[in-house]
Amino acid sequence: MSNNRTVSVWDPLVRIGHWTLVIAFFTAYFTEDDLMTQHVWAGYVVGTVVAIRIIWGLIGSRHARFSDFIYSPATVIGYLKNLIARKPQHFVGHNPAGGVMVIALLFSLSATVFTGLKLYAVEENAGPLAINARPSSSLISVAKADEGEDEKNEGSMKEGHSVNEADEEFWEELHETFVNITLLLVFLHIGGVIASSIIDKEKLVKAMFTGKKEIDDTYR
């Protein structure tokens, strides 16, 4: 006979961090072009929460730690096969597929933030990665001794401008790539939560609000 009981699984930091990431990521996504200040600050929030979550994954509560939900590839594949066969395995914390998704999202979000900061540094010469300031036009346009030197410096300016444009294009494309990868992972995550909730009959969304799960003796 199953012994049903309610247990605490997700601590407040995990829950608050999860929903903060949801809000901050989509705020950044929908403010990219027209509201750059909001976009940048939302990106800072994403980066901060990701950094805290990575640290918490090492020193946090039991089910928040990576050691609790990182499984071998064989275990992940076995879990997915059983889920498809509608013979789900139950886990108190993240299931093996959910653990893979957590790691993938943390990596993708980290890459999104880093490439965004690099792009911000190249475009606006701002942010924590803006180490080398662009030369200002007033400094570049210093009076020269002769016309030949002026022409030489003009050529150097054009070359530098081309390099900046190339850098900007590179980081912009890379940033957009990781944004799209993250968005894809988010939709896969939502689909996985829905599928797992239906097949496992777990109230996963509710658990991420309350921090509690109802389990029985079949849970690992």
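Readers should treat all values here as calculations from the given coordinates under stated rules, not as data from a laboratory. Keep in mind that this is a model prediction, so the values were computed, not measured.
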³J(HN,Hα) across region 201-206 via Karplus (A = 6.51, B = -1.76, C = 1.60, θ = phi - 60°), whole Hz, x for Gly/Pro? 6, 9, 8, 5, 5, 4
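Please report the relative contact order for region 11-144, taking Cα pairs under 8 Å with a sequence separation of at least 6, and give it as a percent rounded to a whole number.
Numbers: 94 pairs, mean separation 23.4, N = 134.
Dividing the mean separation by the residue count of region 11-144 yields 17 percent.
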For the cross-link pairs LYS118/LYS212; LYS118/LYS203; LYS87/LYS212, which exceed 29 Å when the distance is taken from alpha carbon to alpha carbon? LYS118/LYS212; LYS118/LYS203
Scalar couplings 3J(HN,Hα) for region 104-119 by Karplus 6.51 cos²θ - 1.76 cosθ + 1.60 (θ = phi - 60°), nearest whole Hz, x for Gly and Pro, are 4, 5, 4, 5, 5, 5, 4, 5, 4, 5, 4, 5, x, 5, 5, 5
Please list, ordered by chain and number, the residues whose modelled amide H lies under 5 Å from the amide H of HIS90; skip anything fewer than 5 residues away on the same chain. ARG220
For VAL9, what residues show an amide H to amide H distance below 5 Å, using hydrogens built from the backbone and excluding near sequence neighbours? LYS212, LYS213
In order over region 93-103: 3J(HN,Hα) from phi, Karplus 6.51/-1.76/1.60, θ = phi - 60°, whole Hz, x for each Gly or Pro, gives x, 5, 6, x, 5, x, x, 4, 5, 4, 5
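Classify region 166-205 from the C-alpha gyration tensor, please: rounded if a/c falls under 1.5, else prolate or oblate depending on whether a/b exceeds b/c.
Judged from the Cα gyration tensor, region 166-205 comes out prolate (a/c at least 1.5, a/b above b/c).
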